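What follows is a short report on a single structure.
Just so it is clear, none of the values below were taken in a lab; they were calculated from the coordinates. Since we're looking at a predicted model, the values are computed, not measured. So basically every Cβ, Gly included, is an ideal-geometry build from the backbone, and we count neighbours across all protein chains shown.
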Amino acid sequence: MLTLYNSLTRFKQPFKPIHEGHVGMYVCGPTVYGDAHLGHARPAITFDILFRYLRHLGYKVRYVRNITDVGHLEHDADSGEDKIAKKARLEQLEPMEVVQFYLNRYHHDMEALNVLPPSIEPHASGHIIEQIEYIKKILDAGYAYESCGSVYFDVEKYNRDHNYGKLSGRNIEDMLSTTRALDGQEEKRNPLDFALWKKAAPEHIMHWPSPWSEGFPGWHLECSTMGQKYLGEKFDIHGGGLDLLFPHHECEIAQSVAAQGHETVNYWVHNNMITIEGKKMGKSYNNFITLEQFFNGDHPLLEKAYSPMVIRFFILQAQYRSTVDFSNAALQAAEKALQKITDSYRRLQNLKASEKSSIEMPDFAEACKEAMDDDLNTPQVIAQLFEACKIINSASDGSVSLSAEDIGKLKDLFKVYLFDILGMKIADEGENAGAAKAFEGAVDLLMEIRGNAKAAKDWTTSDLIRDKLAALGFNIKDTKNGVEWSVNK
């Protein structure tokens, strides 16, 4: 049975959906005011793996990933300029023009990483009416107040009745004693109170009418509102990066309890950070490398370009709750490891079956299932695939023999766990697929000519083809199953 680490309970627990056979999953998506970086890739890939595995287990999954295109205020205060509006003002564009430009680029990067699209991708700006109605419920329940045209959540009052800080484990008294005095806080009763609705300044580009003012919703509100709209008042999984646990997800819990009288989410799942020299990689630290820069190698910190599949494999080599530290050495090690799996998979396609196997085949599929059931332990799945590669390589060089049944099991293993669940791609696809196929066909033709020359004992032609290809960077290996070739990276 699948177990997931629940950030709310702080331990792994068996996954049991609210509605049998159906799973509702909400994941915090990007704020689209800049290019996606490696830090954005990790939650996208983490929850892509969970989405894929839940579907593999037979669940019908409604996967909602929101797009923040309004209301994303400065992180440490409910003041400051909306980031998308700021970008629009500086570049003299419409805010939605900024949103669409970067959203298109985000989708392109996700497609390159083989991240499946969600079932629904709602925009915060498309749900202003629902957010206003949600605020009214919180006001009616007595956990919010209006001040100078803005509406704030009353954290202290909520904490008296419930427990603000239960997700992050924080104590409200400690938070109050360490909260800095910030500008623009005079409207609040308490410095911890967060904005549900902000009155727009005259120069603010993005604003909507409401009962309180011409303004815009606070950042935390959109996920509570859209989660309820598309998944109901109770749903199974809410995910996101660990940096969202506080204050974003903590505030979501408070909002849902205040508006509905009960919590909304059964399992809170958070992926850990990607770091660079021990610091979180992100825009706020000005140490991020965009995914496009990884793909083309155009960044001072990169020694070379790395393909999308190398980036995906690099991330999956660590369990999603572990920190991953960026380095060129780590990425190049991931590239070599992926190449080894790729080479073994290609050898697998050419294996000739024996009447029976000379070894007892381990149950790799069961071991991979146990690893995935154990809180999505992708490193252990990869370890099992490497063990399978050892057997494939031994069969390829003639050290062991495999039956047709065992070869079929290995092919199924790669299909299910490497491709379907881990989401890796090996064959060249897309706009270069035709060229790649022609390239492989040409090399295979040379291998066939060389094989014919060897059979005819025309060693001059055979050696010439081998030596010329080696000079061009090809590795040629003769095996009992035929000739293998690969290109040096």
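Most exposed first by the Cβ proxy, i.e. fewest other Cβ within 10 Å, how do Cys28, Cys251, Cys223, Cys148 rank?
Working: Cys28 21, Cys251 24, Cys223 28, Cys148 10.
Fewest to most other Cβ atoms nearby, the residues stand as Cys148, Cys28, Cys251, Cys223.
Report for the chain the percent antiparallel among DSSP-assigned beta bridges with both residues inside it, nearest 5.
Working: 24 of 46 bridges.
DSSP beta bridges in the chain are roughly 50 percent antiparallel.
Given a cut-off of 19 Å, name the pairs among Lys83/Lys198; Lys340/Lys468; Lys336/Lys468; Lys83/Lys137; Lys157/Lys188 whose C-alpha atoms lie farther apart than that in the structure shown. List each step's numbers first, then the result.
Details: Lys83/Lys198 15 Å; Lys340/Lys468 24 Å; Lys336/Lys468 24 Å; Lys83/Lys137 28 Å; Lys157/Lys188 13 Å.
Beyond 19 Å between Cα atoms: Lys340/Lys468; Lys336/Lys468; Lys83/Lys137.
For Val70, Val32, what ranking results if the residue with the fewest other Cβ atoms within 10 Å of its Cβ goes first?
Details: Val70 28, Val32 24.
Neighbour counts put them in this order, fewest first: Val32, Val70.
Binning at 5 angstrom from zero up to the longest distance, how are the C-alpha pair distances of the stretch 279-421 distributed in percent?
P(r) for the stretch 279-421, in whole percents per bin: 2, 9, 17, 18, 16, 13, 10, 7, 4, 3, 1, 0, 0.
Given the DSSP H assignment, sum -39500 (n - 2.57) over each helix run of at least 4 residues in the chain and divide by its residue total; what's the result at 222 nm in deg cm²/dmol, nearest 500? Let's see the in-between values first.
Working: 16 runs with 208 residues, N = 489.
Only helices count here, giving -13500 deg cm²/dmol.
Net charge within 15 Å of Asp467 by Cβ-Cβ distance, Lys/Arg positive one each and Asp/Glu negative one each, not counting Asp467 itself? Don't jump to the answer; show the numbers that get you there.
Values: positive: Arg450, Lys454, Arg466, Lys468, Lys477; negative: Asp458, Asp463, Asp478.
Spelling it out: positives minus negatives among the neighbours equals +2.
So for Thr275, Thr46, Thr68, Thr323, fewest C-beta neighbours within 10 Å to most, what's the order?
Working: Thr275 17, Thr46 26, Thr68 21, Thr323 12.
With the sparsest Cβ surroundings first, the list reads Thr323, Thr275, Thr68, Thr46.
Could you tell me what percent of the DSSP beta bridges with both partners in the stretch 3-271 are antiparallel, to the nearest 5?
Antiparallel: roughly 45 percent of the beta bridges in the stretch 3-271.
Any chance you could list P(r) for the stretch 8-71, counting all Cα-Cα pairs in 5 angstrom bins from zero, rounded to whole %?
4, 14, 21, 21, 19, 11, 8, 2
How high is the relative contact order of the chain? Use alpha-carbon pairs under 8 Å, at least six apart in sequence, and give a whole percent. Numbers along the way, then the final one.
Numbers: 714 pairs, mean separation 76.1, N = 489.
Rounded, it is 16 percent for the chain.
What is the helix-to-structure angle for 38-56, meaning the angle in degrees between its Cα long axis and the longest Cα principal axis of the chain, kept from 0 to 90 and rounded to the nearest 10?
Once rounded, the angle reads 80 degrees.
Using 7 Å Cα-to-Cβ label points, what is the Glu20/Lys60 separation (nm, one decimal)?
Inter-label distance under the simple model: 1.4 nm.
Taking all pairs of distinct Cα atoms, average 1/r, flip it, and tell me the Kirkwood hydrodynamic radius of the stretch 285-352 in Å to one decimal place.
Details: mean 1/r = 0.0750 Å⁻¹.
One decimal place: 13.3 Å for the Kirkwood radius.
Pairing the Cα long axis of helix 433-455 with the longest principal axis of the chain, what angle in degrees results, from 0 to 90 and rounded to the nearest 10?
20 degrees
Can you tell me the relative contact order of the stretch 3-271? Whole percent, Cα pairs under 8 Å, sequence separation 6 or more.
Working: 433 pairs, mean separation 66.0, N = 269.
RCO, the stretch 3-271: 25 percent.
Pull up the cross-link candidates among the lysines for Lys16, meaning alpha carbon to alpha carbon under 16 Å and not fewer than 8 places away within one chain.
Of all the lysines, those that pass the test against Lys16 - Cα under 16 Å, at least 8 places apart if same chain - are Lys60, Lys234.
Taking the chain as the reference, fit the longest principal axis to its C-alpha atoms, fit the long axis of helix 250-260 to the helix C-alpha atoms, and give the angle between the two in degrees, 0 to 90, nearest 10.
60 degrees
Can you list the GluC sites (Glu not before Pro) in the stretch 146-236 that are in a DSSP coil and have 14 or fewer other beta carbons within 10 angstrom?
Working: sites: Glu146, Glu156, Glu173, Glu186, Glu187, Glu203, Glu214, Glu222, Glu233; in loops: Glu186, Glu187, Glu203, Glu214, Glu233.
Answer in residue order: Glu186, Glu203, Glu214, Glu233.
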